[in-house]
Every structure is written in C-alpha cells, then in structure tokens.
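Inspection log for the structure reproduced underneath, given as structure tokens.
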Amino acid sequence: MNKVLFFAQLRERLGCDTVQLDAQGMSVRELRQVLAKRDERWRTWLLDKDVLVAVNQTLVDDNAALSTGDEVAMFPPVTGG
C-alpha cells in the first residue's frame, strides 16, 4: 500500500488530506490519472494544475516509478518571498 498526502491549497480543494491505495508499479503520472478519475474536481486539480510531487520526501517528475510502501506527497507550486 501507498499513502498519498495532499498539502496546502490542494488539500483544501480536494477536501481530503490523505488516500491509501496500491500504486506499486505505477508511475507518478499514472497515479495522478487514477486519482483524477474520482471526480471533476480531482481531475482539475491533479491533471490541469501544476502539482509538485515528492516520493519519500524527494521531489520527482511524472516518470518516477512507485514501489510498495512509498509515501507520495502532492502540493501546489510554492512561491517564496
């Protein structure tokens, strides 16, 4: 199983802070597509927006492969000041 965490505005927009599912063997892109099937709001925020993804606390791109037990964090782009 994998834990997927949502942070900041993404968590607020989805109305969810965590999901558990088996993502072993998927890429980050495939995981986003699976999650986007939940409803239109999830599709909009996970596919249409610039969402940053970290696997085990390391930023990755959509091609990163997932293994059993990986923790995936998704959050909106961050701006500094």
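Things to note:
- Normalised per residue, the accessible area of the chain is 60 Å², obtained with a 1.4 Å probe and no contribution from ligands, DNA or RNA.
- From the alpha carbon centroid of segment 36-68 to that of segment 15-29 is 8 Å.
- Separation of the L21 and F75 label points, Cα + 7 Å toward Cβ, nm: 2.2 nm
- Using a probe radius of 1.4 angstrom, the carbon and sulfur fraction of the accessible surface of the chain is 46%.
- Computed label-point distance, nm, for sites R43 and Q9 using a 7 Å Cα→Cβ extension: 2.2 nm
The values are calculated or read from the model by the stated rules, or taken from the named source; none is laboratory data. Quick caveat: nothing in here was measured; it's all calculated off a predicted structure. As a convention, Cβ positions derive from the backbone with ideal geometry for all residues, glycine included, and neighbour counts pool all protein chains shown. SASA here: full protein model, heavy atoms, side chains in, ligands and nucleic acids out. Shrake-Rupley method; radii C 1.70, N 1.55, O 1.52, S 1.80 Å.
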